[in-house]
Each structure stands twice: as structure tokens, then as C-alpha cells.
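To start, the structure itself, in C-alpha cells.
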């Protein structure tokens, strides 16, 4: 047996600490410490322990490893096919009591309590979540558990945020991913994500602080615009919506310098309410003053004021300020423009102040060279070119030279155009030209002067009503087209006309409409003198078109036209002033002006009445990112010698067109065939131009 040995630093003698300290160490510790012969324990018989005394070696312990150890090999255990998980009938997903399940996607389910009053925004909430969900965005059949789990976490954060947006700050969202039951190797169905939503109480607005809005003279009206009251359900969307409404109301009622800070919503969970603070500074009410131009010699402030939709002294409206900026841009004379309100007179009591509008402009290039190329199998080639200086006579007085060189038409002309003349969007045009036209119907050499005053639509301001009135003075020498080399004598006509027109337009696009209608009419009382015979007659025309989107990619368009010239015989009307049908903008499949009565030589002679119909489907394809469309069409038209349309000789054409959307307008290529051709009609006609057929 081994006796218990004292552990190192234990006292085997039972001495106290005072016994171990020598008296000399107490009386003179420094001398004692410096004496190497000093005894540590004078009362023991043992030799004093010196610092350099070696330590006694510790006994070693060894265990011999058996060399003849023989362990049996591990036995492989076979699976026990009789072992089964207990059938607990647990559902694969947790369920709320009496929950209503909504399938958002093929692998996404939302569960709500049946109490719809507790979550009255459920339908809106579901639609919004469906559009934002990352799980619902997964392609069916491509998802796996890892993808579902990652996206489910993101969707849970989305749901939490959406619930707070609607004022449910105590809501709970329980996320479950997968569909395995215990004991199954595979799920009964594909893995799904399920969110159980417990909305909890909906918070209400408490105190509402709108800063200094009550300092505005129109405070009652402005406060009524901000439609949030204490006790209303909290909604972040509502805050943003009402903030925008208030900002608009301030800008439209005379507060150009108003400022609205960032909304702050302080949530009180104990009271289930939110206190809203929206810092508003109205900064005074103002009226419009003068318009000040940065370049009076280019576009004067007086001219800019004439195209504004307000008068000096009117209450300031931000929309009218923006409208002036758009109107200046629409002139085409500036590359950039800014309009800045500037205080010139502060408000005084109940009297509004005055602001001037400072307009800063950068000139755009004022000279333009333009060209166009067209082709029709019956009309031949047509090349048009022009040079224009768009502010040759400031302000907004343009001068334009134009020319046409074509297989059947040549023209040279000069045009003066004054935009915004006498009012906003009103245009005065003076045009003089000389032309020759060699068609299958007639050969005409014409000199003309035309003056027009009109109000028309443009790309920035498409108007529901456009109108024009004008004067035409024409001298033309004309003869029927030559037949087999036989040239007929010319006849000179002097024509004066006073044309007027109007157009109602409800379409959604000026160049490529998809919805709406257009109804237009034109009347032109005319006097004509030829070979001593003076004739009075009226040229009238009615046009209507309708556009309807059937689907997102299909637009059906229809057009009709009626025209008549009562008042005189056909022979007293210059051939170029008569009515014709056929061509790319009329009845496709037939040559230009090829439909209608013919003379004794078989050439078109024109008529005094016209009727046309067109129907087409504009089908957008997936080619070139949807820029290419195919357009099947069918047209019909007839021209009669009398003043009422002749439906006995109606011609039909059909075909297929291609449209390429340039972003500015479509490029059109139509191929038409005549369905009931005459002996002089070609089997196919091709038309190329810019823009839709109608």
C-alpha cells in the first residue's frame, strides 16, 4: 500500500507562518535577503534549500501495449424493413384554425383567418403580394427545396413589410417550406411554400400634425385635401397619396414656394395607434406676374406670355408653369428650357404676392435639311427634299424651300410659316408653288398661292378639336393623259377657293393610334373659269376612322370616306379638282387614281362622288422586340359621275402589310391585290411610306 504523501507546498510539520519567518528577516529584511547563507527554517534539522538545488526526478508510469490483441471484425447491419414511422396523421403544413387558403402560385399558398373584417384589405394585399413575390416568380417545374427556402425567407420579409404598410404592426407570419409527411421518401405533391398570416389589430392614426399649414389663407380647403383624420386606419400608401395630393393642391392654388418635409409616423404599440407628423411650410400665396426671357431678341418675354395659358394677375398654378415650359419646347427652337418663379412682391395680409417667371433657354439648331423617299408600283418613285430656317423672321417665323422629283410629279415651292400667330397653337401659312403632275388620269401644270390659318395638333399637344380656314388661287393647264401616243389639247382653268375644315380626335396617339376615333369634314366653295365659262360648285368631304385594341398585341382599325361635288357639270371642273380613288392611302391593290369613270379612250376621268371603306388588323409580333407588326387588310371604293356614290362599280382590294415601329412612327410596306380587277389593273400593287395607312 502506498501512504499518502503531502502535496508540494503543504506544511508537513504543522508550523505556522510566524514560525517559518526568521527574526533577522523581520528586524533587518534587506540584510537578510542579501545573505545567501541565511536559513529559511532555523528550527528544522534539514539542510536549507538553495536556489540552485536540483529537483528530484518524478517516477515514470508506463503501460505496455499488448502485441497479441485480436479484435473481431465489424458486422454490417442490414436495414430492418419492418421499422416504420408512427402514423400520426400530421398535416404537412401548419394550419390556422378555420383558415382560408389562397393559392398565389403553383408552389405558393397564403393562409388567412376566416374573419375578413379583421383583415379587410385581403384582396388588395394578395394582388400586391402576387406581383412582388419571388416564390411566385419561379418557373413551374424548375424549383427545388433550396430555391424555395431562400426565396421564402425573402417573401416573409416582404409580407412583414407589407403588413406594416397596411397598419398591422403586431402581425405574425409563419413560414413553412416543403410538403413531406413523416415516413415518406417523397412528397405527395411538389414542394410548396406556405405562409400563415395572423394580422392582429390594425393600428389607427392618432394625432396629426401638418406643420405650419394652418398659416395658409386657404387652410380649410388645403386641410380637406389631406384626407387623413384621427381614427382612420394607418396606411403608408395613404400617407404618400395624401402628401402628393396636398403638394398638388398647394401648387395649383397659389403657393409656388411651398415645401413639404418627410413624413414621420410614431407608433405607440400600447395604444395601437400612430401619430403622424408632416412638416408643411406654405410660404405665402402669389399671383402670376410677367414672363421674362433670357434672350428677348430670340423669343421675347411678350411672345412667351402670348403662348402661356394664363394672364398676369391670375392665381399661380404649377401646372400652367409646366405647360408654358412644354409650349416653349414645342416651338422646336430650343434644346433646353427652364421656368423659375421669382418673387417680385411679397404677400401683404390677405393680398397675394406676385411672382415673375424667369425663362432660361438654350437655342437649338435652327436650320433643317430633310428628305423622304417613297415608292408605289403604280405611282413610281418619289423623292422629296427641303431646307428650312425655323426662326428666319423672329419670333417663330420660318422660311422653307421644298422640292419634289418623282416619276409622275415634280414641284418647287417656298413657304412662310408663323407659329403661335394670334394665339397659342395657331399657325399662319403662306405657300407658293409650281408643279407638274403626270398621272393616268391627267397631265397638269399648275401654279398656286395658298394661305391657311389653322389650329392643329402636334406631338406634344394632341388636340381634341383642330380646324383650318384658307384661301387658294390656282392657275392650271391640264389635259387628259396621252393614250397610245395621242396627245389631247390642254385646257386652262383659273380657280379660287375658300376651304374650311374641322377634325375631332379622341385617339391615344397622333401617329399610331390604338384606341379612339377621328371624325373630320372639309368644305371648299370654289369658282372656276375656263374657256369663258364660269362655274360655282362646292367640294365636300367627310372622313371617319375608329381604332380598338382587341388584345395587348392586336388593334383593329376601320376607315370610311364620303365626298361629293354638287353645283356644276363634271366638264367644268378641272381634272385635278375631281374625285379619284385607288392607291396606297385609298383602295390598295389598285393604281393611283385608277378607280372610277373613264373617258372614251379608257383613261380615268374622275367623278363628282366618292365612297371608300377600309378595315385592317395590326398584329404585333415578337420579332425585333415587338417592333415588327403584320397587317392584313381589305379595302373598297367607288367613284361616280353624279353627286351621289355609285355602288354598282365598287372595287375591292386585299393584301398584307408589314410595319416597323421606329419609335417616332411606323414604316409601312403594303402589298395589295385587286379582287375584282378591270382590264387595265395590274395583278399586284406595292406601297412604301412612313406612317399608317390611316
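So here's what we get for this one:
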read-out: Conditions (1) modelled with pLDDT of 90 or more; (2) more than 20 Å from residue 495 (Cα to Cα): number failed by residue 439; value: (1)
read-out: Filter result for residue 343 (modelled with pLDDT under 95, over 31 Å from the mean Cα position of the chain (by Cα) and over 26 Å from residue 426 (Cβ atoms)); value: no
read-out: Unique match (being touching a residue at least 12 places away in the same chain (Cβ under 8 Å), outside the structural domain of residue 103 (by TED's automatic domain parsing) and within 30 Å of residue 123 (Cα to Cα)) among 209, 275, 218; value: 275
read-out: Meets criteria (under 47 Å from the mean Cα position of the chain (by Cα), in contact (Cβ under 8 Å) with a residue 12 or more places away in the chain, under 23 Å from residue 328 (Cα atoms) and not in a loop (DSSP other than H, G, I, E, B)) for residue 468; value: yes
read-out: Test result for residue 571, surrounded by 21 or more Cβ atoms within 10 Å (Cβ to Cβ), at pLDDT 85 or above and either within 28 Å of residue 447 (Cβ to Cβ) or outside the structural domain of residue 668 (by TED's automatic domain parsing) (or both); value: no
read-out: Those residues of region 303-324 which are surrounded by 15 or more Cβ atoms within 10 Å (Cβ to Cβ) and in a helix (DSSP H, G or I), in sequence order; value: 303, 304, 305, 306, 307, 318, 320, 321, 323, 324
read-out: Positions within region 328-341 being touching a residue at least 24 places away in the same chain (Cβ under 8 Å) and loosely packed, with under 13 Cβ neighbours inside 10 Å, in sequence order; value: 335, 336
read-out: Residue count, region 389-402 (criterion: closer than 30 Å to residue 592 by Cα and surrounded by 17 or more Cβ atoms within 10 Å (Cβ to Cβ)); value: 2
read-out: Odd one out for residue 170, checked against (1) at pLDDT 90 or above; (2) part of a loop (DSSP other than H, G, I, E, B); (3) surrounded by 15 or more Cβ atoms within 10 Å (Cβ to Cβ); value: (3)
read-out: Residue in region 599-609 that is nearest to the chain's Cα centre (by Cα), counting only those that are surrounded by 16 or more Cβ atoms within 10 Å (Cβ to Cβ) and without any contact (Cβ under 8 Å) to a residue 60 or more places away in the chain; value: 609
read-out: Out of 267, 239, 228, sole residue that is in contact with a helix residue (DSSP H, G or I) (Cβ under 8 Å, 6 or more places away or on another chain) and either within 30 Å of residue 98 (Cβ to Cβ) or outside any strand (DSSP E or B) (or both); value: 228
read-out: Unmet requirement for residue 184, which otherwise passes all of (1) part of a loop (DSSP other than H, G, I, E, B); (2) at pLDDT below 90; (3) touching a strand residue (DSSP E or B) at 6+ places or on another chain (Cβ under 6 Å); value: (3)
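Residue-wise test of (1) modelled with pLDDT under 95; (2) crowded, with 17+ Cβ neighbours inside 10 Å; (3) outside any helix (DSSP H, G or I).
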site	(1), (2), (3)
275	no, no, yes
295	yes, no, yes
299	yes, yes, yes
359	no, yes, yes
370	yes, no, yes
375	yes, yes, yes
381	yes, no, yes
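The values are calculated or read from the model by the stated rules, or taken from the named source; none is laboratory data. What you are looking at is a predicted structure, and each value in this text was computed from that prediction instead of being measured. When we count neighbours, we look across all protein chains shown, and the Cβ atoms used for this are built from the backbone with ideal geometry, even at glycine.
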